[in-house]
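The values are calculated or read from the model by the stated rules, or taken from the named source; none is laboratory data. Values in this document were obtained by computation on a predicted structure and should not be read as measured data. Cβ: placed from backbone, ideal geometry, glycine included. Neighbour counts: every protein chain shown. SASA here: full protein model, heavy atoms, side chains in, ligands and nucleic acids out. Shrake-Rupley method; radii C 1.70, N 1.55, O 1.52, S 1.80 Å.
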Amino acid sequence: MPKIQTNKFNLWFTNTHILKNVDLQIKEKSVTAIMGPSGCGKSTLLRSINRMNDLILGCKTSGEIIFDGKNVYDNTNNVYELRRRIGMVFQKPNPFPKSIFENVAFGPKIHGTAKGQKLKEIVEKSLRGAALWDEVKDRLNESAFSLSGGQQQRLCIARALAAEPELILMDEPCSALDPAATSKIEALVGALKENYTVIIVTHNLQQAARVSDYTAFMYVGELIEFNQTKCIFENPQSELTSNYINGKFG
């Protein structure tokens with residue numbers, strides 16, 4: 001069974017049809033890249049998975065997004081629990097105005113899942129999982145804003161990991177970072193799939209090719225092609241996909 005499956009999923013903002021009959025299957029403990037030109041619906045699809053689009057006035061949907069066998073849009077779902085199980089990392093680092101420790105501890109504290117020594121262990125484990133522990137272990141009480149941009153993004157990943165999610169969504173997590181920081185995030189994405197399912201939205205074709213096992217290409221709200229990344233880049237089945245990969249539009 002796939003970790004995530006969309007069945008004829010549609011989304012509108014008021015009268016604008018953004019996502020159109022998207023059928024997609026995401027394999028567990030893999031990295032899936034979603035690529036396509038600006039405005040094609042990549043980020044909207046990503047935010048649909050943990051229902052963040054619910055916060056936008058006039059949002060309506062049809063079809064299904066199945067997560068571990070249950071439609072995330074089922075009315076019986078606890079949306080807060082859903083978002084704990086499906087972590088999100090945004091385009092720009094968004095640490096809280098708190099210490100490094102308190103940023104990572106925030107989720108377990110809010111959910112009441114840990115305190116005392118157990119909380120300290122979760123913070124260390126999450127920072128190690130985000131490949132940041134060795135850089136900040138002697139600075140845990142310093143402000144998160146004292147970190148570099150790349151470190152702040154890894155801190156946000158650690159904050160997501162601390163909630164013990166099963167799925168991690170990343171919305172262009174490297175777009176605001178320099179090449180060195182981008183390289184660290186890409187290496188981290190590769191390591192995360194040992195324990196998590198990762199979906200990453202990216203404008204960067206080379207990044208999609210480097211970090212993902214599977215790639216989805218979207219255009220004007222439609223899923224044009226989905227396959228193993230090697231197949232998408234070396235033998236695309238759609239002329240649109242081929243033209244995008246070869247830089248004929250973007």
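The table below lists the values:
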| item | result |
| --- | --- |
| Accessible area of the range 1-141 belonging to carbon and sulfur atoms, whole % at 1.4 Å probe | 49 percent |
| Max mean-square fluctuation residue, GNM over the chain, Cα-Cα springs under 10 Å, options Ala180, Ala216, Ala160 | Ala180 |
| Under 17 Å from Lys3, Cα to Cα: aspartates and glutamates that are on another chain or at least 8 residues apart | Asp23, Glu28, Glu64, Asp68, Asp74, Glu81, Glu164, Glu166, Glu194, Asp213 |
| GNM result for the chain, Cα springs below 10 Å: residue of Thr32, Thr14, Thr61 fluctuating most strongly | Thr14 |
| Two-site label geometry, Ala191 and Gln206: point separation in nm, points 7 Å out along Cα→Cβ | 2.3 nm |
| Nearest 10 degrees, 0 to 90: helix 100-111 Cα axis against the chain principal axis | 70 degrees |
| Rounded if a/c under 1.5, otherwise prolate or oblate - the range 43-163, Cα gyration tensor axes | prolate |
| Rounded Å value of the spacing that divides the Cα centres of the range 78-92 and the range 225-250 | 30 Å |
| Of Lys70/Lys248; Lys42/Lys230; Lys70/Lys193; Lys27/Lys92, those spanning more than 30 Å from alpha-carbon to alpha-carbon | Lys70/Lys248 |
| Span from the the range 13-74 Cα centroid across to the the range 99-127 one, whole angstrom | 30 Å |
| Rounded to the nearest 20 debye, dipole of the chain from Cβ charges on Lys, Arg, Asp, Glu | 500 debye |
| Asp178 accessible area, assembled protein chains, probe 1.4 Å, Å² | 90 Å² |
| Additional length obtainable on full extension of the chain from Thr113 to Asn75, 0.36 nm per residue less Cα span | 11.2 nm |
| Computed over the range 14-100: relative contact order in percent, which uses C-alpha pairs under 8 Å that are six or more apart | 24 percent |
| Listed residues Met170, Met88, Met1 arranged by accessible area, highest first, probe 1.4 Å | Met1, Met88, Met170 |
| Relative contact order of the range 1-155, pairs being alpha-carbon contacts under 8 Å that are 6 or more residues apart, as % | 21 percent |
| Shape category assigned to the range 98-250 from the gyration tensor of Cα positions, a/c cut at 1.5 | prolate |
| Computed helical MRE - 222 nm, the chain, DSSP H runs ≥ 4 contributing -39500 (n - 2.57), nearest 500 | -10500 deg cm²/dmol |
